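Working notes, structure below.
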Amino acid sequence: MTSLRQRMIEDLRLRNYAERTVETYVMRVAAFARHFGRPPDRLGPEEIRRYQLHLLERKASWAVFNQTVCALRFFYGVTLNRKRAVEQIPFPRQEKKLPVVLSREEVLLLLGTLENIKHRTILSAIYACGLRLSEALHLQVSDIDSRRMAVRIRRGKGGKDRYLPLPATLLRQLRCYWRHCRPPQWLFPGKQEGSPLTHSSVQRVCRRILEQIRVIDGQLREREKSHPHEGG
């Protein structure tokens, strides 16, 4: 790890940024430097502008574009203390789109495709309690309070703890999962001993089941075209 990267990590942690945000910001600055083949402290506003155009040409998502801007503004403004460079990094304007909201039947279909009880349970918890992925990944067994029917969220957005209602249906599912897996500390442990599941592992599961649902939906649409009057 370079001293510059280490300093940026320390600057982020001193300001109480979440570990996931620290990882993302460092990754975005590293990608920026790698694109030009030079250390980021030897790059400036002109390279930043060219890199933003590069992201647009690649049709990078708004999330990636925004993360990159935030990471570079932090790196140049805080770690390098180059305030003038920061002033020349514009924030992107987010397109306002209505979120895609799945029906209850679609959610049940999505969860029903999962054979892995751990994956099915963590996605059920996210849906039932409205959790962010990072919050669900860092749940501990002790955070499930069946007596008060509450779920404790440690260091959620903004580093704040809070309690959420625990639905009875989710509690039954969690008890079934616990009897099957017996997690010692993390409610959803990962492959590495003593660590929770990773973001990427859950995201891969979501992509896989969404692809399965698209295939099933496509088959149903083709069937409806071939048999338009089937089923009355």
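Among the residues of the range 128-148, those that are part of a helix (DSSP H, G or I), within 14 Å of the chain's Cα centre (by Cα) and surrounded by fewer than 19 Cβ atoms within 10 Å (Cβ to Cβ) comprise Leu133, Ser134.
Cβ separations smaller than 8 Å between residues 6+ apart or across chains give the following pairs from the range 16-37 residues that are free of Cβ contacts under 8 Å to residues at least 12 places away in the same chain to residues that are surrounded by fewer than 17 Cβ atoms within 10 Å (Cβ to Cβ): Ala33/Pro39.
Only one of (1) outside any helix (DSSP H, G or I); (2) surrounded by 18 or more Cβ atoms within 10 Å (Cβ to Cβ); (3) at pLDDT 90 or above is not met by Leu114, so which one is it? Only one criterion is unmet by Leu114, namely (3).
On the stretch given as the range 155-180, residues that are surrounded by 14 or more Cβ atoms within 10 Å (Cβ to Cβ), outside any strand (DSSP E or B) and at negative phi total 9. So in the range 27-48, with the set limited to residues that are of a type outside the set (A, V, I, L, M) and out of contact with any helix residue (DSSP H, G or I) (no Cβ under 7 Å at 6 or more places or on another chain), which one is nearest to Val86 (Cα to Cα)? Filtering the range 27-48 for residues that are of a type outside the set (A, V, I, L, M) and out of contact with any helix residue (DSSP H, G or I) (no Cβ under 7 Å at 6 or more places or on another chain), the one nearest to Val86 (Cα to Cα) comes out as Glu46. Among the residues of the range 184-193, those that are touching a residue at least 12 places away in the same chain (Cβ under 8 Å) and surrounded by fewer than 16 Cβ atoms within 10 Å (Cβ to Cβ) comprise Pro184, Gln185. Within the range 85-94, if we keep just the residues that are open to solvent by 100 Å² or more (accessible area, probe 1.4 Å) and either modelled with pLDDT of 90 or more or part of a loop (DSSP other than H, G, I, E, B) (or both), the residue that is nearest to Ala33 (Cα to Cα) turns out to be Gln88.
The values are calculated or read from the model by the stated rules, or taken from the named source; none is laboratory data. Predicted, not measured: the structure shown is a model, and the values here were computed from it. Reconstructed Cβ throughout: ideal geometry from the backbone, glycine too, with neighbour counts over all protein chains shown. Note: accessible area is taken over every heavy atom of the protein model, side chains too, but ligands, DNA and RNA are not part of it. Shrake-Rupley method; radii C 1.70, N 1.55, O 1.52, S 1.80 Å.
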